[in-house]
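This report refers to the structure that appears directly beneath it.
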Amino acid sequence: MEEGDVDMVAADSGAELGDMKKRLKEMEDEAAALREMQAKVEKEMGATATQDPATATANQANREEVDARSVFVGNVEEQLLALLLGDDESLAGTLRLGVDYSCTPEEVQQHFQACGTVNRVTIRSNKFGQPKGYAYVEFVEPEAVQEAILLNESELHGRQLKVK
């Protein structure tokens, strides 16, 4: 390099570094604004819950009503593990069914359609989005739960279902 020449690599790196610092500052400001918004929403939700006990009671009653129309579908191995660990109390009052990891909500719905009108099927997944092997089936009619329990040990995708 001769005297008076400009090192373009260093100049580009300096400009890039400045852009990166600017973007980092913008991201930090955005994160702070989001934290403020979240704190505000949490404060409002907490204030609503303490100010309106009738709403809290209504929400609890609604959850109980939905639970009465729902079943849990888990896999047989999970059931045995829960029993071995003495965790069977957490299973009381729910319908459990073990679903194959490739099952879709539509397939689970079809399997239980004869029991009653299926309102919703929820297949739980882990933090990576992969199915955990169990599902919740919510029916429109509470009587459908008893019909669904009769499908205990039936097969779906070649896998034995445990329905509780």
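A compact table of results
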read-out: Odd one out for Gln160 among (1) loosely packed, with under 14 Cβ neighbours inside 10 Å; (2) under 19 Å from the mean Cα position of the chain (by Cα); value: (2)
read-out: Selection count, region 105-129, where residues are surrounded by fewer than 17 Cβ atoms within 10 Å (Cβ to Cβ) and touching a helix residue (DSSP H, G or I) at 6+ places or on another chain (Cβ under 9 Å); value: 5
read-out: Among residues of region 130-151, those that are farther than 18 Å from Asp67 by Cβ and either modelled with pLDDT of 85 or more or open to solvent by 70 Å² or more (accessible area, probe 1.4 Å) (or both), counted; value: 4
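A quick yes/no check of all residues on (1) at pLDDT below 75; (2) touching a strand residue (DSSP E or B) at 6+ places or on another chain (Cβ under 6 Å):
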| position | (1), (2) |
| --- | --- |
| Gln79 | yes, yes |
| Glu89 | yes, no |
| Thr104 | no, no |
| Ala114 | no, no |
| Asn119 | no, yes |
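The values are calculated or read from the model by the stated rules, or taken from the named source; none is laboratory data. The structure displayed is predicted, hence computed values, not measured ones. Because the Cβ atoms are built from the backbone with ideal geometry, glycine has one as well, and the counts that use them run over all protein chains shown. Note: accessible area is taken over every heavy atom of the protein model, side chains too, but ligands, DNA and RNA are not part of it. Shrake-Rupley method; radii C 1.70, N 1.55, O 1.52, S 1.80 Å.
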